[in-house]
Amino acid sequence: MLSISGDHLPSSGLVYLAFRVSFQETLERIVLSRQVDDGNEIYGYLTEVPFLQGVAPHVQIDLLADAWHRHCDPQNHEATLVDESVIYAVCETAARVTEEDPNIITHSLITGPTQVNIQVDSFLPGELRNLHLSLANEGDFLLVSQFEDMNPDDSLSLKQQFKLDPARTEPMYDVLGRWHIAPNLGERLDGLITERELVRTSYVMDEVRQTRMPPQK
C-alpha cells in the first residue's frame with residue numbers, strides 16, 4: 001500500500017476508477033497521436049502536474065503502473081513525490097473526464113476487470129478530487145516548477161524556506177528524461193485492466209519502444 005505522511009491511499013472503488021480512467025485516457029491518446037502524427041507530445045494524465053507536463057506519455061503509463069502495483073501490495077510503501085504526483089493527477093483527470101463525458105466513466109466501469117458500485121452522478125467529480133485532498137500531503141510536487149528558472153543557490157534557499165528536501169525532488173527531475181519502460185508492465189497493471197486490454201497495451205508499448213528517443217530540447 002502507498003502511504004503519504006502516515007495516511008494510506010484507500011483500497012476503494014474510487015481509487016480503482018481514478019487509475020483506470022487515467023490509464024485508458026492516456027493510452028487512447030498515445031494511439032491517436034501515432035495515427036495522426038500531430039506533433040503534440042504534451043498530453044496524458046500527468047499534464048495535471050505542471051512540472052511533469054514533459055514526461056513522455058508512455059512513461060506516464062509506466063509510472064501509473066508502478067504506483068498502482070505498490071498501492072495493491074500489502075506491504076507499506078512510503079510515497080515519493082512522483083507517486084504523490086500520480087495520485088493527484090489520476091484523481092484530477094478522472095474528475096475532469098466525469099464532468100466532460102460521464103459515459104466514458106460508465107463504460108470504463110462496465111468493461112473493467114473489477115466490479116465496483118459507483119454512482120456516476122454530479123457528486124462523483126468532488127468525490128474523486130477528495131481522494132487526494134483528504135491525504136496528509138502538502139502538495140510539494142506542485143511547488144517544484146517554481147525552481148525551474150532559478151540558479152542553484154536561490155533554488156536551494158527557496159527549498160529550505162518551504163522545508164522541501166532536495167533529495168525528495170530528485171525523482172521528479174529523473175522522470176523528465178526517462179524514455180524506457182520498466183519490465184513486467186502487465187504484472188504491475190494486474191487488477192486494473194483486462195487480459196484483452198493488456199494484449200492491446202503490450203502491442204502499443206512495443207510500437208513505442210521501437211521509436212527512437214527524441215532529441216533533448
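Here, each number is a calculation from the coordinates, and none is a lab measurement. Everything quoted here is computed from the prediction, not taken from an experiment. All Cβ positions, even for glycine, are placed from backbone atoms using ideal geometry, and neighbour counts span all protein chains on display.
Cβ crowding within 10 Å, taken as a proxy for footprinting-reagent exposure, orders Leu27, Leu185 from fewest neighbours to most as Leu185, Leu27. Given R0 = 35 Å, the distance between the Cβ atoms of Arg200 and Ala136 translates into a calculated FRET efficiency of 0.40.
Model label sites at Thr211 and Ser3, defined 7 Å from Cα along the beta-carbon direction, differ in position by 3.9 nm.
Using Cβ point charges alone (K and R +1, D and E -1), the dipole size of the stretch 2-209 about the Cα centre works out to roughly 380 debye. Neighbour counting of Cβ atoms within 10 Å sorts the residues Asp206, Asp66, Asp7, fewest neighbours leading, into Asp206, Asp7, Asp66. A Cα-only calculation for the stretch 2-209 places Rg and Dmax at 17.0, 52 Å.
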